[in-house]
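Report on the structure given below.
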Amino acid sequence: MTITSGFFNSVNHDRTYDAEQISSIFDGIIKDGVYESIGDAFMVTPNSDLNDSIIVGTGRAWFDHTWTLNDAQFSLTLDEPNTLYGRIDYVVIDVNREQDVRANTLKIVRGTMSDNPQEPVLINTDRHKQYPIAKIDVPAGASRKISASDITYLVGTEKCPLVTGVLEALNITNYFKQYDAEFNE
């Protein structure tokens, strides 16, 4: 289809719209990313009560024509560290538009243990994508607690943009008056 339009009242169910069509009206107005001005912008911090737990702060994001809202501190538990090898985990906004899921969530993507740990590969398909909001270096040693220095906040990077505002309208009537006056002269 090359031209679509909407929204019109349905008469005998002749107009049906899906969520993606409704969300598409924001294209060009809302950019994909985490919103700077809402909550804590998903800031990730260590949980002071538990060794292998982190807290994701409040925030709102818009990715792939869907929104994610976290309106309270959200706790995630990391897998236990290995006694010999470290790893790198990501905290992600998981946008899953697969038919059997259709939900966004916050989750941890676990890296592979190694003496030279690499960042995990995130899902990036048409229907399922992951946007990293933090990288966590999980050091070797079962008794070591995750600290703030182990967490790298990734909101505001190419992988997870920070949205600072929406587009603003501009009234150019006065400009046209000026151009008309110049043209007439």
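The values are calculated or read from the model by the stated rules, or taken from the named source; none is laboratory data. Just so it is clear, the model here is predicted, and its values are computed rather than measured. A quick note on method: Cβ atoms are made from the backbone with ideal geometry, for glycine too, and the neighbour counts reach across all protein chains shown. The protein model used for the area step is the full one, side chains on, heavy atoms only, and it has no ligands, DNA or RNA in it. Shrake-Rupley method; radii C 1.70, N 1.55, O 1.52, S 1.80 Å.
Quick check: is even one residue across the range 15-38 assigned to a loop (DSSP other than H, G, I, E, B), over 25 Å from K129 (Cα atoms) and not aliphatic (A, V, I, L, M)? Scanning the range 15-38, I find at least one residue that is assigned to a loop (DSSP other than H, G, I, E, B), over 25 Å from K129 (Cα atoms) and not aliphatic (A, V, I, L, M), so the answer is yes. For the range 76-96, the set of residues classified as in a loop (DSSP other than H, G, I, E, B) and either over 23 Å from the mean Cα position of the chain (by Cα) or not aliphatic (A, V, I, L, M) (or both) consists of D79, E80, P81, N82, T83, L84, Y85, listed by residue number. Residues of the range 5-24 that are within 28 Å of the chain's Cα centre (by Cα), loosely packed, with under 12 Cβ neighbours inside 10 Å and under 22 Å from R97 (Cα atoms): D18, A19, E20. Scanning the range 149-185 for residues that are modelled with pLDDT of 85 or more and either in a strand (DSSP E or B) or open to solvent by less than 70 Å² (accessible area, probe 1.4 Å) (or both) gives D150, I151, T152, Y153, L154, V155, G156, T157, C160, P161, L162, V163.
Checked against the criterion of being touching an Asp or Glu at 6+ places or on another chain (Cβ under 7 Å), open to solvent by less than 50 Å² (accessible area, probe 1.4 Å) and not hydrophobic (A, V, I, L, M, F, W, C), the candidates N104, N47, N82, N70 yield just one match: N104. The set of residues from the range 50-59 being surrounded by fewer than 18 Cβ atoms within 10 Å (Cβ to Cβ) and closer than 30 Å to S24 by Cβ comprises G57, T58.
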